[in-house]
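Taking it in order: structure first as structure tokens, then the write-up.
The values are calculated or read from the model by the stated rules, or taken from the named source; none is laboratory data. In this text, all values refer to a predicted model and were calculated from it rather than measured experimentally. Here the Cβ is made from the backbone with ideal geometry for all residues, glycine too, and neighbour counts use every protein chain on show. SASA here: full protein model, heavy atoms, side chains in, ligands and nucleic acids out. Shrake-Rupley method; radii C 1.70, N 1.55, O 1.52, S 1.80 Å.
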Amino acid sequence: MLPNAKKWKKKLLKSENKAHKRLSEIEAIYNSAPMGLCVLDCDLRYLRINKSMAEMNGFSPQEHIGKSIHEMVPDLSQQGEAIAKEIFQTGKAVSMEMNGTTAAQDGAVRTWIEGWYPIKDSSHQIVGINVAALEITDIKRANEALKKSEEKLRLTIEGAGVIMWFWNIENDRVECRGHYKHILGPGPIPDMGYNELLSFVHPDDLEKVETAFQKTLQYGEDFKVETRTIWKDKSVHWFSIMGRVVYDLQGKPQEMIGIALDITNNKIVQLELQETLRKLKRSNAELEQFAYVASHDLQEPLRMITSFLQLLKLRYENQLDSDANEFIHFAIDGATRMQEMINDLLTYSRIDRKRGDFKEVKIEDILQQITFEYKLLIQEKNAVIHFGELPVITADYTQMVQLFQNLISNSIKYNDQPCPTIHITAEKQDNDWIFKVADNGIGIDPQQGDRIFKIFQRLHSPDEYEGTGIGLAIVKRIVERHGGRIWYDSQPGKGSNFYFNIPGRLNHEI
Ligand code: ADP
């Protein structure tokens, strides 16, 4: 052998080894690539397939070799055949999305993005096809879900008449979505920045809106403002605008996003309501003042009438005939009744005039005091008042005494039983105390409804039962002053239950 030939042989062996090594490397990359790869012959039979593609199809790589796509992936074979036909006609690569099932993944419909490339021989004849496939089922599903939720959001925003706004702080551009066309007018969205956005704000509200913006940008507070806006057609509308800053990774304000809601109708109603409330308060105050002054000022002349009538009776009772005596008696009776009514009216109009005076009140103490004060009446009527453990509530002491006095005296008064019995209990519901005053008296016809709580409304004449008809109106007013409500249920002839609640953030446990 020539010395040179030895050298050449060595060189050839080295390059053969190198090529072999290269080939094994390519083979390894081919087989372990996460992307599905295969080579098909012109009859669409597998000549080669990597692990990823074989797994996608649900068989081992060996099971594919020599078999056609019709046998291995029947659900995808028609789409494959159409691509192959195009490749054979045009000689060009085709890439497209393919959907279908394979023997893997329980036959679930999946999506791939595939590239089919013709393999040509030296005479440019197509001898096979290289296929690369990447599964995008999850990406596609996520995209579809995103699209659906974006569509839902869009419909919600449009349906709710809301405008969504995005202000890119860096490049000072504002983007609007949703119900903005009413304000900006028809046509494409104008290119707006912060200043153009503010140009829609009513000049009287500008300072308020700008301050809110600055506070949000400086301190990261949520942006929340109610403002009037002036639309393109010059009409004025109220808007509630809310927003929040989005920061970049370095903590720099990047964008402000939010919504704007047309609250014009609500605002009109709200303003009307405020005005009505103001008028109502004023007329209520005037009425209260009138009732107070009238009853206060009427007391004096009435007292005079009563005393002179009594004087008349005392001096001339025996000098007049029986008719005149009866007339004097009626006049005294009427005047006394009127005095009682005026006193009650005064008490009634004083309830809301009282300020403050709310402190801890032990209801048991109040009932003990009343039982003591009504000792004679209780004995006379043979009545029994039962009460157990009752709560301490935050209330006006004097008014609570008044309230229980009125309810208890009614329970004794409107009672024909040999032993009038009254039960007073309280039950806690959430934060409220619900009190119950139950008696075994004559009862109330439920058809009377709330009439009994109205001022001077009575269900009986003074001959049957004494009274002016203001007791329950006073009770109702006291309960309402304490933020509660009063109601009753009753069975005529069997008794009545009066209930009222005293709401109590400040109330105490038993
Ligand atoms: P008055 O007792 O002075 O008539 P109230 O306002 O206290 O006025 O009561 C209004 C009416 O409600 C009474 O006339 C009476 O008919 C009825 N009433 C009140 N409490 C009771 C009760 N416990 N049982 C039956 N009827 C009652």
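So how strong a dipole does the chain carry about its Cα centre when Lys and Arg Cβ are +1 and Asp and Glu Cβ are -1, to the nearest 20 debye? Each step should come with its number before you reach the end.
Numbers: 63 positive and 72 negative charges, 647 e Å.
With Lys and Arg at +1 and Asp and Glu at -1, about 3100 debye.
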query: Ignoring ligands, DNA and RNA, what accessible area per residue does segment 45-116 give at 1.4 Å, in Å²?
result: 52
task: Taking H placed 1.01 Å from N in the peptide plane, check which residues at least 5 places from His202 or on another chain put their amide H under 5 Å from its amide H.
output: Arg228, Thr229, Ile230
- request: Read phi for every residue in segment 103-118 and hand back ³J(HN,Hα) as whole Hz from Karplus 6.51 cos²θ - 1.76 cosθ + 1.60, θ = phi - 60°, with x for Gly and Pro.
  value: 6, 8, 6, 6, x, 6, 5, 10, 10, 10, 9, 10, x, 10, 10, x
- request: Write down, largest first, the equivalent ellipsoid semi-axes of the chain in whole Å, where each equals the square root of 5 times an eigenvalue of the alpha-carbon gyration tensor.
  value: 97, 32, 22
task: Could you check how much of the accessible area of segment 145-262 is carbon and sulfur, as a whole percent, using a 1.4 Å probe?
output: 56
message: With a cut-off of 8 Å between alpha carbons and a minimum separation of six or more residues, what is the relative contact order of the chain in percent?
response: 7
statement: Binned at 5 Å from zero, the C-alpha pair distances of segment 190-279 give percents of 3, 12, 19, 22, 18, 12, 8, 4, 2, 1, 0, 0
statement: Treating every alpha carbon of segment 32-135 as one equal point scatterer without solvent, the Debye formula yields log10 I(q)/I(0) values at q = 0.13, 0.17 Å⁻¹ of -0.41, -0.71
- prompt: Taking the Cα atoms of segment 355-503, what is the range of coordinates along each of the three principal axes, in descending order and whole Å?
  reply: 40, 31, 27
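Kirkwood Rh over Cα pairs of segment 330-374 into Stokes-Einstein at 37 °C, 0.692 mPa s: D in µm²/s?
Stokes-Einstein gives a translational diffusion coefficient of 243 µm²/s.
For segment 355-503, with every protein chain kept in place, what is the accessible area per residue (1.4 Å probe, Å²)?
I get 50 Å² per residue for segment 355-503.
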Convex hull (Cα only) mean projected area of segment 295-443, reported in nm² to one decimal: 12.5
task: Can you send over the solvent-accessible area of Met341, 1.4 Å probe, protein chains only, in Å² to the nearest 10?
output: 60
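Kindly report the accessible area of segment 145-262 per residue (heavy atoms of protein chains, probe 1.4 Å, no ligands, DNA or RNA), in Å². All intermediate terms of the calculation are to be shown ahead of the outcome.
Working: 7370 Å² over 118 residues.
That works out to 62 Å² per residue.
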Inter-part distance where segment 193-220 and segment 224-301 are each reduced to a Cα centre, Å: 20
- request: Go through His64, Leu76, Leu302 and say which Cα lies farthest out towards the positive end of the charge dipole of the chain; charges sit on Cβ, +1 for Lys and Arg, -1 for Asp and Glu.
  value: His64
task: Whenever you get a sec, line up Phe500, Phe59, Phe166 from highest to lowest accessible area (probe 1.4 Å, protein heavy atoms).
output: Phe59, Phe166, Phe500
Residues with amide H under 5 Å from that of Gly443, placed H, sequence gap 5 or more: Gly493, Gly495, Ser496
query: So what J values fall out for segment 163-168 if you push phi through Karplus, 6.51 cos²θ - 1.76 cosθ + 1.60 with θ = phi - 60°, rounded to Hz, Gly and Pro as x?
result: 9, 9, 10, 10, 10, 6
- request: Show which aspartates and glutamates lie in cross-link reach of Lys85 when reach means a straight Cα distance below 14 angstrom and same-chain residues fewer than eight apart are skipped.
  value: Asp41, Asp43
Segment 147-160 - phi-based ³J(HN,Hα) in whole Hz, Karplus 6.51/-1.76/1.60, Gly and Pro as x: 4, 4, 5, 5, 5, 4, 4, 4, 5, 4, 4, 5, x, 7
query: Any idea what angle helix 264-316 forms with the longest principal axis of the chain, computed on alpha-carbon atoms, 0 to 90 degrees, nearest 10?
result: 10
- prompt: In whole angstrom, and with the biggest value first, how far do the Cα coordinates of segment 438-500 range along each principal axis?
  reply: 33, 23, 18
- prompt: Do any of Lys224/Lys279; Lys67/Lys92; Lys362/Lys436; Lys381/Lys436; Lys51/Lys148 go past 27 Å between their Cα atoms, and which?
  reply: Lys224/Lys279; Lys51/Lys148
Surface share of carbon and sulfur [accessible, 1.4 angstrom probe, percent] for segment 355-503: 47
field: Carbon and sulfur %, accessible surface of segment 32-135 computed with the full protein complex present, 1.4 Å
entry: 52
- request: Give the residue from Met164, Leu146, Gln214 lying farthest towards the positive end of the charge dipole for segment 145-262; charges sit on Cβ (+1 for Lys and Arg, -1 for Asp and Glu) and the dipole is referred to the Cα centre.
  value: Leu146
query: Given Leu403, Phe453, Ala438, which one lies farthest toward the positive end of the charge dipole of segment 355-503, if we put +1 on the Cβ of every Lys and Arg and -1 on the Cβ of every Asp and Glu?
result: Phe453
- line: Taking 236-242, 21-27, 44-50, 292-298 and ranking on average Cβ neighbours within 10 Å, highest first, one gets 44-50, 236-242, 292-298, 21-27
